[in-house]
Amino acid sequence: LSGIACTTAPAMAENLNLKDGRHWITVASSQDKDQAIGIARLYGKDARVVSSLSGWFGVALGPVKDKSLAAFVKRWEGWPEIPKDAVFSNGAKYTGTVWQPDLSVLEAAEFSPGKPATVSHDGYAVTATLAKDDNGQIATLEGTHGADSLFQLSTPKDEYGDYGNTLRLMPLDPETPAPEAILTQNTGGAHCCVATWFASETDPGKWQLLDSNMLDGEGYWLEDVDGDGSYELMSVDNAFLYAFDSYAGSIGPLVISQLRGEEIEPVAKDDVWRARKQQELAGLEYFATLEPDNWKANGFLAAWVAVKIQLGEGEEAWAKMLKSYDKASDFGPQICTSGETVENCPVENLKAVPFPEALASFLEENHYLPVPHG
């Protein structure tokens, strides 16, 4: 359930009443703005949250040129699915847009061996080159401002795939005068992984190439969570992947980090953080309304319980999990009933640790506290 770069925008005075044959597809509505935003984030760049004359917030896709809701649903290939109670509307009762995705990227480009890429903004430019041989590859970044050379920084030599070499400019640390250059490389493989480096002016005149966590999937995405013009680093907690279900059945809670100086650190758990986590929870629960079997899926329940704990609602979530989890699943931690290590245990002596017990230990190890009891 990861997302694109998004931020909460102020209400925009605009006329959403379409009179040119186009329509809005309203997939959900809520009296809670964060709940509506959480649902809208799932639908990506074409979704927005609108206010209405009733005081409710609608999650609207479009505008679209389809002649009917059925025609739109037939051609829809996105995720999530369009719910059966979606509304086909000309927007006559919509009063304004209160949130929509922030798709801003200062500059972005891909590069490969023999094909360097340059990104620039406001006189500041960074060029990425890639040198590759049988033993791996090295990416080098050269930064300039006008005629002045700022830095030349290289990654350690390592093996990566032939795709996923990207360079972006985005402001991450509010204390740095220039936007950070973000370099990503992909290891290849079915699910893993993306390595990310940040070229940042950590002290006046001192540039460093800062390494970060190796992350599954597409790595970090960016959101200006607090609206200060500097972007936070968004990811999912990779510890949850394969922990209690297959990769496809695993969901990781959202991790919100920030670049400050030479460190990537978690953001403070303030009201802004809480609002973003409420949006995450709304997205998870909406997903479960579309696919109710999630309430029986241990991979989903693990993430849902973890997010509820973060919001101070862990006991309530734990009680629901105990009533609905998949007791037949053998995916997850195991013990050896004959005393050997799990690695050396005869197959017939391997026994799955009951999900509630395994989840409690996992949550404690990964600092989702306090772990509920029940």
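Observations on the structure shown:
- Share of alpha-carbon pairs per 10 Å distance bin for the stretch 1-159, given as whole %: 10, 28, 21, 15, 18, 8, 0
- Spatial separation of Cα centroids for the stretch 30-46 and the stretch 68-90, in angstrom: 16
- Derived scalar couplings between HN and Hα for the stretch 166-182 equal 10, 9, 10, 10, 8, x, 10, 9, x, 8, 9, x, 10, x, 6, 8, 10 Hz in order, rounded to whole Hz, by the Karplus curve 6.51 cos²θ - 1.76 cosθ + 1.60 (θ = phi - 60°), x for Gly and Pro.
- A cut-off of 5 Å between modelled amide H atoms, ignoring neighbours fewer than 5 places along the same chain, links G96 with S51.
- Inter-centroid distance (Cα atoms) of the stretch 236-261 relative to the stretch 283-297, Å: 18
- Residues whose placed amide H lies under 5 Å from that of Y231, excluding near-sequence neighbours: L172
- 14 Å tail of the calculated P(r), the stretch 141-221, as % of Cα pairs: 63
- Under 5 Å from the amide H of S250 lie the amide H atoms of Y242, each residue being 5 or more positions distant or on a separate chain, with H modelled from the backbone and absent for Pro and chain starts.
- In this view, the solvent-accessible surface of Y163, computed with a 1.4 Å probe and all protein chains in place, comes to about 120 Å².
- Rg/Rh for the stretch 146-279 (Cα atoms only, Rh after Kirkwood) is 0.99.
- Remark: relative contact order (the chain) = 12 percent; criterion is Cα-Cα distance under 8 angstrom and separation of 6 or more residues.
- For the residues P333, P204, P101, a GNM of the chain with alpha-carbon springs under 10 Å puts the largest fluctuation on P204.
- Share of alpha-carbon pairs per 10 Å distance bin for the stretch 226-282, given as whole %: 21, 44, 27, 7
- Of all DSSP-defined beta bridges confined to the stretch 1-148, some 100% are antiparallel rather than parallel.
- FRET efficiency for S361 and K115, using Cβ-Cβ distance with R0 set to 35 Å, rounded to 0.05: 0.15
- The alpha carbon radius of gyration of the chain, expressed as a multiple of 2.2 N^0.38 Å, is 1.11.
The values are calculated or read from the model by the stated rules, or taken from the named source; none is laboratory data. Since we're looking at a predicted model, the values are computed, not measured. Methodologically, a virtual Cβ is constructed for each residue, glycine included, from the backbone with ideal geometry; neighbour enumeration extends over all protein chains shown. These accessible areas exclude ligands, DNA and RNA; they are computed on the full protein's heavy atoms, side chains included. Shrake-Rupley method; radii C 1.70, N 1.55, O 1.52, S 1.80 Å.
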